[in-house]
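In what follows, a structure is listed as structure tokens, so that the remarks can point back to it.
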Amino acid sequence: MIIDGHNDLVLRTWRGETPYHLDLADAESSGFSGGFFALYIPDGTPFEEPEPPYAVPLPEPIPTAGARLIAEELATTLEGLDVTIARSVRDFRPGQVTAIMHLEGAEPIEPDLSNLHQWYDRGLRSIGLVWSRPNAFAEGVPFRFPSSPDTGPGLTDAGRRLVRACNRLGILVDLSHLNEVGFWDVAALSDAPLVATHSNAHALCASSRNLTDDQLDAIARTNGVVGVNFAIGFLRADGTQDPATPMSEIVRHIDYLVARMGIDHVAFGSDFEGAHVPEELGGMTGLPKLVEALAGTYDGESIAKLTHGNWLRVLDRTWQGWTPYFDNVEDDPRETLLDAISRFDEPGFAVDLGCGTGRDTRALLDAGWSVLAIDGEQDGIDRLRAAIPDDGGRLQTQVARFHEATWPTADLVNASFSLPFCPPKHFAEVWQHIVDSLRPGGWFSGQLFGDRDDWVGTGITVFSRTEALELLEGFEVERFDEIDEEGSTVTGTRKHWHLFHIVGRKR
């Protein structure tokens, strides 16, 4: 089973060109189980791999609107291939080709991240912040040889917000094509393993696209992965494009990375269909020859890590999304919920919106309430059901996003730390649903995030104090506690919290 860090089959198919490295009909016989399928936005300028020494200037930026339209066509092309779109590592199975939808360059993402959730829902699970050109989020590393990757400025504010949002949603951030300052900016921000899907060792080939020893060390420290790029110009010490380059050059980089980083941090990142690779390898059908060449040095367990195990480990950790939160969240119910239910003479029917693993749902059930628990993550609902094997018929569950969820009239709607994660474009609709579903005299309890929170701009919904109070005009507000202080998340990441704890009675 071979999982690969990068290919450009989608672009070649979109252009109507015949692939020369990948034939999905031969995938099973080659052991190819898929990997990262890039959605790359071309700028119309032909790119010829130069002979060294060279210093190719960065291309001009591509406008977001145009990039978005092309990316939609590329995604449709990917969906038309004979592949399974990966949303979980469980989607990788022997005998089928599984594709990770990967944006190679974040140009299709709006700088305010307003369409990031739409891409996630479509299946996007990996983003390279840049290809080798600047955009709203960062600046790519230009193609130069010999050159260090330290070639320009780091992430923009929008880039920092994108990294945080990807961490929260469970989208892998790819550092390939990013310059060195940008690399270190991501390393300082991200709480996911660092990954370069198709990059090599700068110590062996002094291309600006390759990674220095310090960068390799940083990736290893986070339990991340480097996918070795098979492109000839990033393999050879002289940087030339000789097609007679032996396959042993790929092995040389794998050996160096393993010696530097450890066997757990190296994988394949071929760049099939996007680069010239050694003729001895050829394409996908040559992968068994590469594995055979590695077998002279590495045992079966190590080869399994190199060919697929390391990718599956990092993807599982990165794509968990809410799982680290679910693993670390406390069991005690929120004070706002306890405040709200203390105001009822007798239990009724409650909606727990964004219930997570059910800390508040369990408190409601214990107090005699009937509950509809709603969450967008199946993992949360599964954990809730496992924790409450016998609910006496008083618990209903629903897996749905906020704007897709349905619920009847309720005595109480509880939304503990969940509403901020409703995308801004859907918030007004969801809030009106909450208001309309509460019977007169019913209660709302929950939190809103303020406009000074560290997560502002990462695709969440935030309010100023004045805006939050205006939202509650139809309520008798019994509790409105504003928190504006330094703290940390449940997973231990430092952040500034600005939020409002709310309990209100519908007039």
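Structure values in brief
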item: Residue 340 being open to solvent by less than 10 Å² (accessible area, probe 1.4 Å), in a helix (DSSP H, G or I) and not polar (S, T, N, Q); result: yes
item: Among the candidates 84, 13, residue that is hydroxyl-bearing (Ser, Thr, Tyr) and surrounded by fewer than 17 Cβ atoms within 10 Å (Cβ to Cβ); result: 84
item: So residue 394, is it over 22 Å from residue 502 (Cα atoms), under 26 Å from the mean Cα position of the chain (by Cα) and of a type outside the set (A, V, I, L, M); result: no
item: Filter result for residue 64 (more than 23 Å from residue 235 (Cα to Cα) and either at pLDDT below 95 or more than 20 Å from the chain's Cα centre (by Cα) (or both)); result: no
item: Per-region count, region 418-455, residues in contact with a Leu (Cβ under 9 Å, 6 or more places away or on another chain), farther than 19 Å from residue 378 by Cβ and of a type outside the set (Val, Ile, Thr); result: 16
item: Number of positions in region 329-379 that are closer than 22 Å to residue 481 by Cα, out of contact with any helix residue (DSSP H, G or I) (no Cβ under 9 Å at 6 or more places or on another chain) and among the acidic types (Asp, Glu); result: 2
item: Unique residue being open to solvent by less than 50 Å² (accessible area, probe 1.4 Å), of a type outside the set (A, V, I, L, M, F, W, C) and in contact with a Pro (Cβ under 7 Å, 6 or more places away or on another chain) when the list is 376, 368, 354, 358; result: 368
item: Search result, residues across region 215-259 that are open to solvent by less than 10 Å² (accessible area, probe 1.4 Å), within 24 Å of residue 292 (Cβ to Cβ) and touching an Asp or Glu at 6+ places or on another chain (Cβ under 9 Å); result: 225, 227, 229, 230, 231, 232, 235, 245
item: Candidate set: region 379-398, residues that are open to solvent by 40 Å² or more (accessible area, probe 1.4 Å) and in a helix (DSSP H, G or I); chosen: the one modelled with the lowest pLDDT; result: 379
item: Which numbered condition residue 421 misses (of (1) among the aromatic types (Phe, Trp, Tyr); (2) within 27 Å of residue 346 (Cβ to Cβ); (3) open to solvent by 20 Å² or more (accessible area, probe 1.4 Å)); result: (2)
item: Residue count for region 133-154, restricted to those that are part of a loop (DSSP other than H, G, I, E, B) and open to solvent by less than 10 Å² (accessible area, probe 1.4 Å); result: 6
item: Subset of region 429-448 that is part of a helix (DSSP H, G or I) and more than 24 Å from residue 482 (Cα to Cα) - its residue that is nearest to the chain's Cα centre (by Cα); result: 429
item: Residue 104 being under 28 Å from residue 243 (Cα atoms), modelled with pLDDT of 95 or more and touching a His at 6+ places or on another chain (Cβ under 9 Å); result: yes
item: Qualifying residue in region 189-199 (condition: modelled with pLDDT of 95 or more and closer than 18 Å to residue 151 by Cα); result: yes
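Table: residues versus (1) touching a residue at least 40 places away in the same chain (Cβ under 8 Å); (2) assigned to a helix (DSSP H, G or I); (3) open to solvent by less than 20 Å² (accessible area, probe 1.4 Å); (4) at positive phi.
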site: 75; (1), (2), (3), (4): yes, yes, yes, no
site: 95; (1), (2), (3), (4): yes, no, no, yes
site: 117; (1), (2), (3), (4): yes, yes, no, no
site: 131; (1), (2), (3), (4): yes, no, no, no
site: 161; (1), (2), (3), (4): yes, yes, no, no
site: 176; (1), (2), (3), (4): yes, no, yes, no
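The values are calculated or read from the model by the stated rules, or taken from the named source; none is laboratory data. Everything numeric in this text was worked out from a predicted model, so none of it was measured. Using ideal geometry, Cβ is built from the backbone for each residue, glycine included, and neighbour counts are taken over all protein chains shown. Please note that ligands, DNA and RNA were not included when accessible areas were found on the heavy atoms of the full protein model with its side chains. Shrake-Rupley method; radii C 1.70, N 1.55, O 1.52, S 1.80 Å.
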